[in-house]
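Heads up: the structure comes next, in structure tokens.
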Amino acid sequence: LVLNKVDLVPREVAQRWLAHLREELPAVAFKCSTQLKGDRMSGSWRGSGVRWGKHVRRGREREKTADEIEAEHQAATCLGSETLMHLLKNYARNKNLKTAITVGCVGFPNVGKSSLVNSLKRKTVANAGATPGVTRATQEIHLDRHVKLIDSPGIV
């Protein structure tokens, strides 16, 4: 079970929900990387315009301080992807499966199913948007040779 958008609630609330959910199922706290794309989805600083000085120049934008860039980086960094991938790979290994496991991403509209897939893949492979109905059909994405994800439209 993935508890997505944990950055939108107080930490204590998320921890209590995780403790409650973990009584029944494995549960992972997750925050998708949605604000920055490309190599920065994995949390890399490469190409982010960082200079180790007082201010940073980015084209015609105003100069940003290192603290502003750090806050921007924290907002864009994915949380929980390594834990979830580790859990999925362990499941496949413990079951001695010769083929990849298939994991379905299901939920209400606009809960971040496609963003979760993109964060795990570390690049944009599924369209995601702020309006409901961006994902219109199921889509199979291979994370690696052990794990396949199925991104589905929102279910009401």
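The values are calculated or read from the model by the stated rules, or taken from the named source; none is laboratory data. Remember, predicted model here, so these are calculated numbers, not experimental data. As a convention, Cβ positions derive from the backbone with ideal geometry for all residues, glycine included, and neighbour counts pool all protein chains shown. Heavy atoms of the whole protein, side chains included, go into the accessibility calculation; ligands, DNA and RNA do not. Shrake-Rupley method; radii C 1.70, N 1.55, O 1.52, S 1.80 Å.
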Practice task
Pick out the one residue from Arg11, Arg57 that is among the charged types (D, E, K, R) and modelled with pLDDT of 55 or more.
Solution key: Arg11
Completion exercise
Among residues of region 115-137 being more than 24 Å from Glu82 (Cα to Cα) and of a type in the set (Ser, Thr, Tyr), the residue nearest to the chain's Cα centre (by Cα) is Thr135
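Kindly indicate whether Gly38 is modelled with pLDDT under 60, within 17 Å of the chain's Cα centre (by Cα) and at positive phi. Don't jump to the end; show me each part of the working.
Working: modelled with pLDDT under 60: yes; within 17 Å of the chain's Cα centre (by Cα): yes; at positive phi: yes.
Against the criterion (modelled with pLDDT under 60, within 17 Å of the chain's Cα centre (by Cα) and at positive phi), Gly38 qualifies.
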Exercise for the section: Identify all residues within region 133-156 that are touching a strand residue (DSSP E or B) at 6+ places or on another chain (Cβ under 6 Å) and open to solvent by 40 Å² or more (accessible area, probe 1.4 Å); write none if there are none. Expected result: Thr138, Gln139, Glu140, His142, Lys148, Ile150
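Name the residue that is modelled with the lowest pLDDT, counting only residues in region 26-35 that are open to solvent by 40 Å² or more (accessible area, probe 1.4 Å) and either over 18 Å from Leu149 (Cβ atoms) or within 16 Å of the chain's Cα centre (by Cα) (or both). Break it down into steps so the answer makes sense when it comes.
Within region 26-35, the subset open to solvent by 40 Å² or more (accessible area, probe 1.4 Å) is 26, 34-35.
Retained after the next criterion (residues that are either over 18 Å from Leu149 (Cβ atoms) or within 16 Å of the chain's Cα centre (by Cα) (or both)): 34-35.
Details: Thr34: 65, Gln35: 58.
Selected residue: Gln35.
Considering only residues that are open to solvent by less than 30 Å² (accessible area, probe 1.4 Å) and more than 16 Å from Ser152 (Cα to Cα), which ones fall in region 101-132? Explain how you work it out, then say what you get.
Step one: list which residues in region 101-132 are open to solvent by less than 30 Å² (accessible area, probe 1.4 Å), which gives 101, 105, 107, 112-120, 126.
Selection gives Ile101 alone.
Does Arg51 qualify as being assigned to a loop (DSSP other than H, G, I, E, B), modelled with pLDDT under 85 and surrounded by 11 or more Cβ atoms within 10 Å (Cβ to Cβ)?
On the way: assigned to a loop (DSSP other than H, G, I, E, B): yes; modelled with pLDDT under 85: yes; surrounded by 11 or more Cβ atoms within 10 Å (Cβ to Cβ): yes.
Spelling it out, Arg51 is indeed assigned to a loop (DSSP other than H, G, I, E, B), modelled with pLDDT under 85 and surrounded by 11 or more Cβ atoms within 10 Å (Cβ to Cβ).
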Completion exercise
Within region 106-156, restricting to residues that are in contact with a Leu (Cβ under 8 Å, 6 or more places away or on another chain) and of a type in the set (Val, Ile, Thr), the one that is nearest to Val2 (Cα to Cα) is Val117
Completion exercise
If we ask which residues in region 1-18 are assigned to a helix (DSSP H, G or I) and open to solvent by 60 Å² or more (accessible area, probe 1.4 Å), their number turns out to be 7
